[in-house]
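*Asks:* One structure, pasted below without further comment.
The values are calculated or read from the model by the stated rules, or taken from the named source; none is laboratory data. Keep in mind that what you see is a predicted model, and the values were worked out from it rather than measured. Ideal geometry is used to build each Cβ from the backbone, glycine not excepted, and the neighbour counts take in all protein chains shown.
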Amino acid sequence: MAKAIPHILIAAARKSSGKTSFSLGLARALTRRGMNVQTFKKGPDYIDPLWMEQASGRPCYNLDFNTMSGDEILTTFRQNLTGADIAIIETNKGLFDGLDVEGKDSNAALAKLLGSPVILVLDTVGMTRGIAPLLHGYQTFDDEINIAGVVLNKTGGPRHEGKLIAAIDHYNKLTVLGALPRDDALVVDERHLGLTTPGEVSTTAPVIDALADAVEQQVDLDGVIAIAQSAAIEPLAKSVTDFNSGDVTIGIPRDTAFGFYYPDDLETLSNAGAKLKFFNALEDQQLPDVDGLFIGGGFPETNMERLSQNSALREQIKSLIQAGLPTYAECGGLMYLCEKIIWGDRSCDMVGVIPANAVMNQRPQGRGFARLKATADAPWTSGEFAVHEFHYASLEGLSDDLTYAYEVTRGHGIDGKRDGIVMKNMLANFCHLRHTDANRWAENFIAFVRRIKNDMT
């Protein structure tokens, strides 16, 4: 029988309360103790998991009610516990927030599904005795949720901290695990998360280490571990993934421009028979020998000059796609395949396969949950399925005679009605896909690449 693994869920009363900062600091602090820390993020999300991976040294997996069933979430959770000493699940927004009015997609629903005790991180700015009724509401709103401890964030000093603890002790009878002072150095905000990617380890490491220092000094780590141990769960066996084996080879850029890949999607590609060859689109002037390409999302706009300067790679990719190389691109990958990226008064040449310019806008053009319905022109997907999107870019100069793989039944995609430009054996869309039982895209893509390879030999 496998060893049961302790776990906790880190939540907050609302967005931007400091739960990401605390989760990162906690993951690194427990790792420093010699523990193998497995992290999870309530998704869809690419950026927080990349930071969590840096903090723990293990891939961080998304748990997402939008694309996954409850059984899939539970299986993904348990399959990735093997070898861990403790698991940390970081939520999004507030504990009870979600699209469903009954909370079926909320962080609280995830806590119930996994049987996770909750540690609540509270932003205490401007608050003293008022913390008590806030916590009372959270404690009584759903009696199936076990709020096992509280971390006070952004406290204003010992006097402020004392008033908060006294109120909680008197009214709520909750364990205060610690208090983190108000300090700009302990804030991982949208500026950090949006502009810094794991390729920039020299930038991320000092931030995570500072957070870990604060958590070690200000938080009862033994108390956190004890709470986690109250809800241990047995892991499930998971097949070992070898990215270096397979009968078809897929090239994947992984650098500061492109990094939005779900680790379990990469594992599925490999288990479907793909050998994954990672390359750097900013520096490598030539692709590895590949049978197909998968270009994920990221921040090509913040790296547009360097991408443009690597003209040898751009020209090779264009030539291969036009010759029929199977290629799948999402969001930032779609932008890279356009003629140019334009951002304000800056304009840089890109690959030039897609006859349009990717233009950055002041506001998001597509944001949140979306749904796609495959058309007859979809090369390797079918049916209707849930996806997500977040892009400031729009495509300008598109001709009317392009072929599209999807109708957008919810969301924006490329033009509010369609997504997924199909050209030869290339598919490029703004929406992000997740491999699930309802959308087995990774397996289907590898089967498509394999068929094209066999037809050419």
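*Asks:* Which residues, counting only those in segment 255-274, are modelled with pLDDT of 95 or more and either on the phi > 0 side of the Ramachandran plot or among the charged types (D, E, K, R) (or both)?
*Replies:* D264, D265, E267, G273
*Asks:* Then there is this: Scan segment 123-134 for residues that are more than 27 Å from the chain's Cα centre (by Cα) and outside any loop (DSSP other than H, G, I, E, B) and jot them down.
*Replies:* Within segment 123-134, I131, A132, P133, L134 qualify.
*Asks:* Let me ask another. Can you pull out the residues in segment 366-378 that are within 27 Å of E301 (Cβ to Cβ) and either without any contact (Cβ under 8 Å) to a residue 40 or more places away in the chain or surrounded by fewer than 21 Cβ atoms within 10 Å (Cβ to Cβ) (or both)?
*Replies:* R367, G368, F369, R371
*Asks:* Right, something else. Run V219 past the list (1) closer than 18 Å to M52 by Cα; (2) hydrophobic (A, V, I, L, M, F, W, C); (3) modelled with pLDDT of 95 or more and report the number of the one that doesn't hold.
*Replies:* (1)
*Asks:* Can I ask one more? Taking S347 and the conditions (1) closer than 14 Å to Y328 by Cα; (2) free of Cβ contacts under 8 Å to residues at least 12 places away in the same chain, which numbered condition does it fall short on, given that it satisfies the others?
*Replies:* With (1) closer than 14 Å to Y328 by Cα; (2) free of Cβ contacts under 8 Å to residues at least 12 places away in the same chain applied to S347, the lone miss is (1).
*Asks:* Something else: Got a sec? Which strands (runs of 3 or more DSSP E) wholly within segment 307-349 have at least 3 residues that are in contact with a Lys or Arg (Cβ under 9 Å, 6 or more places away or on another chain)?
*Replies:* 346-349
*Asks:* Hey, can you tell me all the residues within segment 25-46 that are under 21 Å from F390 (Cβ atoms) and not in a strand (DSSP E or B)?
*Replies:* Answer for segment 25-46, where residues must be under 21 Å from F390 (Cβ atoms) and not in a strand (DSSP E or B): G43, P44, D45, Y46.
*Asks:* Of the conditions (1) at pLDDT below 95; (2) hydrophobic (A, V, I, L, M, F, W, C); (3) more than 27 Å from A237 (Cβ to Cβ), A11 fails just one. Which one is it?
*Replies:* Result: A11 passes all but (1).
*Asks:* Right, something else. Regarding D220, is this residue within 18 Å of K19 (Cβ to Cβ) and in contact with a Leu (Cβ under 9 Å, 6 or more places away or on another chain)?
*Replies:* Yes.
*Asks:* Limited to segment 70-122, what total is found for residues that are part of a loop (DSSP other than H, G, I, E, B) and either in contact with a Phe, Trp or Tyr (Cβ under 8 Å, 6 or more places away or on another chain) or surrounded by fewer than 18 Cβ atoms within 10 Å (Cβ to Cβ) (or both)?
*Replies:* Number satisfying all stated conditions: 15.
*Asks:* Kindly indicate which of L276, L287 is buried (at least 21 other Cβ atoms within 10 Å of the Cβ), hydrophobic (A, V, I, L, M, F, W, C) and over 22 Å from F40 (Cα atoms).
*Replies:* Sole residue among the options that is buried (at least 21 other Cβ atoms within 10 Å of the Cβ), hydrophobic (A, V, I, L, M, F, W, C) and over 22 Å from F40 (Cα atoms): L276.
*Asks:* Condition test on V408, is it buried (at least 22 other Cβ atoms within 10 Å of the Cβ), under 28 Å from D247 (Cα atoms) and in the same structural domain as L337 (by TED's automatic domain parsing)?
*Replies:* For V408, the condition - buried (at least 22 other Cβ atoms within 10 Å of the Cβ), under 28 Å from D247 (Cα atoms) and in the same structural domain as L337 (by TED's automatic domain parsing) - is not met.
*Asks:* Quickly run through segment 411-457 and pick out the residues that are on the phi > 0 side of the Ramachandran plot and surrounded by fewer than 22 Cβ atoms within 10 Å (Cβ to Cβ).
*Replies:* Passing the criteria: G411, G416, K424.
*Asks:* Here's a follow-up. Run M335 past the list (1) on the phi > 0 side of the Ramachandran plot; (2) crowded, with 24+ Cβ neighbours inside 10 Å and report the number of the one that doesn't hold.
*Replies:* Among (1) on the phi > 0 side of the Ramachandran plot; (2) crowded, with 24+ Cβ neighbours inside 10 Å, the lone unmet condition for M335 is (1).
*Asks:* Confirm whether A370 is touching a strand residue (DSSP E or B) at 6+ places or on another chain (Cβ under 6 Å) and either more than 25 Å from T409 (Cα to Cα) or at pLDDT 95 or above (or both).
*Replies:* Answer is yes for this residue.
*Asks:* Another question, then. Return the total of residues in segment 272-291 being out of contact with any strand residue (DSSP E or B) (no Cβ under 8 Å at 6 or more places or on another chain) and among the β-branched types (V, I, T).
*Replies:* Residues flagged as out of contact with any strand residue (DSSP E or B) (no Cβ under 8 Å at 6 or more places or on another chain) and among the β-branched types (V, I, T) within segment 272-291 amount to 0.
*Asks:* Could I ask something else about it? Kindly indicate the residue of segment 239-272 that is among the hydrophobic types (A, V, I, L, M, F, W, C) and assigned to a helix (DSSP H, G or I) and also surrounded by the fewest Cβ atoms within 10 Å (Cβ to Cβ) among those meeting that condition.
*Replies:* Of everything passing the filter in segment 239-272, L266 is surrounded by the fewest Cβ atoms within 10 Å (Cβ to Cβ).
*Asks:* Taking only pairs six or more apart or across chains, which ones have beta-carbon atoms under 8 Å, a first residue in segment 165-177 that is without any contact (Cβ under 8 Å) to a residue 24 or more places away in the chain, and a second residue that is aliphatic (A, V, I, L, M)?
*Replies:* Between residues of segment 165-177 that are without any contact (Cβ under 8 Å) to a residue 24 or more places away in the chain and residues that are aliphatic (A, V, I, L, M), the close pairs are I165/L152; I165/V176; I165/A179; D169/V176.
Yes/no matrix, rows are residues, columns are (1) under 22 Å from A4 (Cα atoms); (2) without any contact (Cβ under 8 Å) to a residue 12 or more places away in the chain; (3) outside the structural domain of D222 (by TED's automatic domain parsing):
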residue: L95; (1), (2), (3): no, no, no
residue: V101; (1), (2), (3): no, yes, no
residue: A111; (1), (2), (3): yes, no, no
residue: L122; (1), (2), (3): no, no, no
residue: R129; (1), (2), (3): no, no, no
residue: Q139; (1), (2), (3): no, no, no
residue: A148; (1), (2), (3): yes, no, no
residue: G156; (1), (2), (3): no, no, no
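*Asks:* Oh, and also: Residue pairs, Cβ under 9 Å, 6 or more apart or interchain, first in segment 291-304 and under 20 Å from W380 (Cα atoms), second basic (K, R) and crowded, with 24+ Cβ neighbours inside 10 Å. List them.
*Replies:* Final answer for the pair search is none.
*Asks:* Can you pull out every residue in segment 10-67 that is buried (at least 23 other Cβ atoms within 10 Å of the Cβ), over 12 Å from the mean Cα position of the chain (by Cα), basic (K, R) and under 23 Å from G368 (Cα atoms)?
*Replies:* Correct list: K19 only.
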